[in-house]
Amino acid sequence: MPSNMPDTHQSLRALLQFYADCGVDVALSEEPINRFADTSASAADAAHQHGTAFDPAVTEVPAPVATLAPTEGPRRRPPVTPSLTVPSGDAVMAAREAAATAETLAALRETLSRFEGCNLRHTATNLVFADGNPEARVMFVGEAPGFEEDLQGLPFVGRSGQLLDRMLAALGLDRTKAYIANVIPWRPPGNRDPTPQETEICRPFIERQITLVDPDVLVALGKASAHLLLNSTIGITRLRGQWKSYDTGRRDIRAIATFHPAYLLRQPLQKKLAWRDFLAVQEALNSTPAPASHE
Ligand code: URA
């Protein structure tokens, strides 16, 4: 190669590294999409379909909102559907209705895998529903899947999951004796924080999942999960370690928040507080008689 020719591979690698450093780690489509060209057309289409006037100020989310897609198993990323402008309340209502109809965990998983009201499904590789034993007496709920979880379709299988497994093991627990899920079942692209709207759309599904699992003890891992499940806005440092009540609609169950394992990886000194919370969980499990169905 002439010395003045750029090394294409090296340049491409540097470009990819630049994207990764910026948090861009998802290719949405094989073909580039000119968003400037298609925004007004698709939004006008949406307004027509929904019978509403087109208002460029309204939030864009991928559509359709209230429909279920055909059943599918683990998949590669589908092509991105064009954005449609829909009122965000519709997606939350659709999620509530869809979650309420699921009478079993299998039905809930199936419903979620076909639910199209949350834009995160379009960038995720797999639905990350849950792992562990649905008969377990303790349920852990994290925030949202990361890179590894998205690839495997299982919660907490990356580095923070390995720490969670070690903490469970220290209590004599493993995934055959615990049930693990997330508030958000699809990985947000680039591991960004889920938006409040995405969280509200996913809320009915995790709430239904908790009701169906009906654990004796519920553990919220990290601030986002704690705020949603314990209905609080207190900082996680103050909120953690306090016993609260979580109403499943059928009964009140004991609930507690602790630090997220990813935070503990960054702040190992906080492990001692998390360990205290795990011991409190163990004590609660030992002091609450196991119902017949859990034995
Ligand atoms: N962090 C979470 O909150 N959930 C996972 O499944 C993985 C990392």
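FYI, it's all coordinate maths here, none of it is from the lab. Please read these numbers as outputs of a predicted model, since none were measured by experiment. Cβ placement follows ideal geometry from the backbone for every residue including glycine, while neighbour counts extend to all protein chains displayed.
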For Val92, what charge total do you get from the other residues with a beta carbon under 15 Å from its beta carbon, if Lys and Arg give +1 and Asp and Glu give -1?
-3
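What is the calculated FRET efficiency for Thr8 to Leu265, with r their C-beta to C-beta distance and R₀ = 41 Å, to the nearest 0.05?
On the way: r = 37 Å, r/R0 = 0.90.
Plugging the Cβ-Cβ distance into 1/(1 + (r/R0)^6) gives 0.65.
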Long-range amide H partners of Ala257, meaning residues 5 or more apart or on another chain whose placed amide H is closer than 5 Å, are Ala220, Gly241, Gln242
I'd like the distance between the alpha-carbon centres of segment 92-146 and segment 244-287, rounded to an integer number of Å.
22
Search the structure for amide H atoms under 5 Å from the amide H of Phe140, placed 1.01 Å from N in the peptide plane, and list their residues when 5 or more places away or on another chain.
Tyr179, Ile180, Ala181, Val219
From fewest to most C-beta neighbours within 10 Å, the residues Phe259, Phe18 line up as Phe18, Phe259
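Within 10 Å of each candidate Cβ there may be at most 15 other Cβ atoms; applying that plus a DSSP loop requirement, which trypsin sites (Lys or Arg not before Pro) in segment 202-256 survive?
Working: sites: Arg208, Lys223, Arg238, Arg240, Lys244, Arg250, Arg251, Arg254; in loops: Arg240, Arg250, Arg251.
When the trypsin sites (Lys or Arg not before Pro) of segment 202-256 are filtered for loop state and at most 15 Cβ neighbours within 10 Å, Arg250, Arg251 remain.
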Distance (nanometres) between label positions extended 7 Å along Cα→Cβ at Thr101 and Leu15:
4.5
Can you compute 3J(HN,Hα) from phi for each residue in segment 124-130, using the Karplus curve 6.51 cos²θ - 1.76 cosθ + 1.60 with θ = phi - 60°, rounded to whole Hz and x for Gly and Pro?
7, 7, 9, 6, 10, 8, 5
For Ile184, Ile256, Ile234, order by how many other beta-carbon atoms lie within 10 Å, fewest first:
Ile234, Ile256, Ile184
Among Leu239, Pro215, Pro204 the positive-end extreme of the charge dipole of segment 182-243 (Cβ point charges)
Leu239
